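Down below is the structure, laid out as structure tokens.
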Amino acid sequence: MGMHNWGPKSLLDTARLALTFSGRLRKKHQDSHGLWKHEAMQKYLETLSKEYERVSHLLNAGSISDFEEKSLKRRHADLSPVAAVFQEIKEAEREVQELEAMRKELDSRDEKQLLELALEEKETLDKKINTLCKKLFQSLVPKQKYDGSPVILEVTAGRTTGGDICQQFTKEMFEMYQNYADYKSWTFDILNYTPAEIGGLHHAAAQISGDDVYRHLKYEGGTHRVQRIPETGLSSRMQRIHTGTMSVIVLPQPEEVDIKVDPKDLRIDTFRAKGAGGQHVNKTDSAVRIVHLPTGLAVECQQERSQQMNKEIALRTLRAKLYQQIIEKQLSQEQSARKLQLGTRAQSERIRTYNFTQDRVTDHRISYDARNIKEILSGKEALDKLINRLLEFSEVEALTEYLENLQSLERGGS
């Protein structure tokens, strides 16, 4: 049937795309406009366009059963945005060709003013085509089922010698995601916050809810590396650059997650909440830690003043983690032959470096450099631009892989 039946239909498929993203992006990628020019893409889009015309004709003819009409209307709704954008791009390209022909004539007549106008119009059309290509590929790559889900985001400081840059960096990263949630008008509820002694952060977790949260954060999971001169201590006086790491884990929270947990398998401890940065510290044992004895998984929650509410949140987090383990086990079995880094191993792979001395952030998966670390860490437009670049590249790579599979099938059948 085409790309619209190709998209992920389960959390396993969603995780497969997210966890194999790093590996697939090591291939030589193309941008959106480059992929549009791909011969297989043109052939595929022509096929979809003809199918759209055929479906439209059948619906207008009216000589079909109610069952066929219902099925065709669904397909028509799927193909309509693709066909519309496809025709828009082709029309814009025709205008570009006309301008190119006009430019050659103007060159020969040396009409500079008209030539400048033609060049400006061509630049505008090129930008329009690029935007339409992105829109087209978003239509072709189906929205993953769990892209709209809330997430549990966890940050954990790594270890380093001769400084506490990991804890400080972890705090900055957690605040970055908190600011990003505010920028996207999401809800950011802190579930756990374990501060370090000198003002940094050992570990924290938050539930983030809103529109398309998992879609935007699913590629943030992994190891983030920092390179900087510590602000305090001997290293700061010696101007020595230290390297540290922190890890991010992003767990989708689909509503239908139903993992049964036997109360006999749980050890539940209570303790006093430490509070986020020393705020609203409780004098009662309202914080809850739950250990799942068969797996050793441990979760904590100290967000609420009520011990019962903290227990319910911790249990929900535990179910999400147990569900994630099931997904990772299936992925490891399914993909082991391809020798891809999967499951929890993908979390240990360095995905991004924040070099403070060079004021540069590098995402290693897409070889993308961004200047002005403070802008990125502010969690606003600069971070959103980086995340959207990741999403665009993932769509291009997914489509490229799909087209390669189509070509392989065609060669095999010829």
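Cβ-Cβ contacts under 9 Å between residues 6 or more apart (or on different chains), taken from a first residue in region 192-214 that is without any contact (Cβ under 8 Å) to a residue 40 or more places away in the chain to a second residue that is acidic (Asp, Glu) and open to solvent by 10 Å² or more (accessible area, probe 1.4 Å), are listed as Ala196/Asp164; Glu197/Asp164; Ile198/Asp164; Gly199/Asp164. Note on region 76-106: among residues that are buried (at least 18 other Cβ atoms within 10 Å of the Cβ) and not aliphatic (A, V, I, L, M), the one that is farthest from Lys127 (Cα to Cα) is Asp78.
Looking only at region 122-141, residues that are open to solvent by 80 Å² or more (accessible area, probe 1.4 Å), closer than 12 Å to Glu93 by Cα and touching a residue at least 12 places away in the same chain (Cβ under 8 Å) come to 1 in all. Of the strands (runs of 3 or more DSSP E) lying entirely inside region 107-219, those containing at least 1 residues that are over 16 Å from the mean Cα position of the chain (by Cα) and among the charged types (D, E, K, R) span 187-195. Of the residues examined, Ile229 is not one that is surrounded by fewer than 16 Cβ atoms within 10 Å (Cβ to Cβ) and modelled with pLDDT under 90. Of all residue pairs spaced 6 or more apart or on separate chains, those with beta-carbon atoms under 6 Å, a first member in region 377-402 that is modelled with pLDDT under 85 and a second member that is open to solvent by 10 Å² or more (accessible area, probe 1.4 Å) and β-branched (Val, Ile, Thr) are Glu395/Val141; Ala398/Val141.
Taken over region 352-393, the residue count meeting the criterion of being assigned to a helix (DSSP H, G or I), under 17 Å from Val248 (Cβ atoms) and polar (S, T, N, Q) is 0.
The values are calculated or read from the model by the stated rules, or taken from the named source; none is laboratory data. Everything numeric in this text was worked out from a predicted model, so none of it was measured. Neighbour counts are summed over all protein chains in view; Cβ atoms, including those assigned to glycine, are modelled from backbone coordinates with ideal geometry. Note: areas computed on protein heavy atoms with side chains; ligands, DNA, RNA excluded. Shrake-Rupley method; radii C 1.70, N 1.55, O 1.52, S 1.80 Å.
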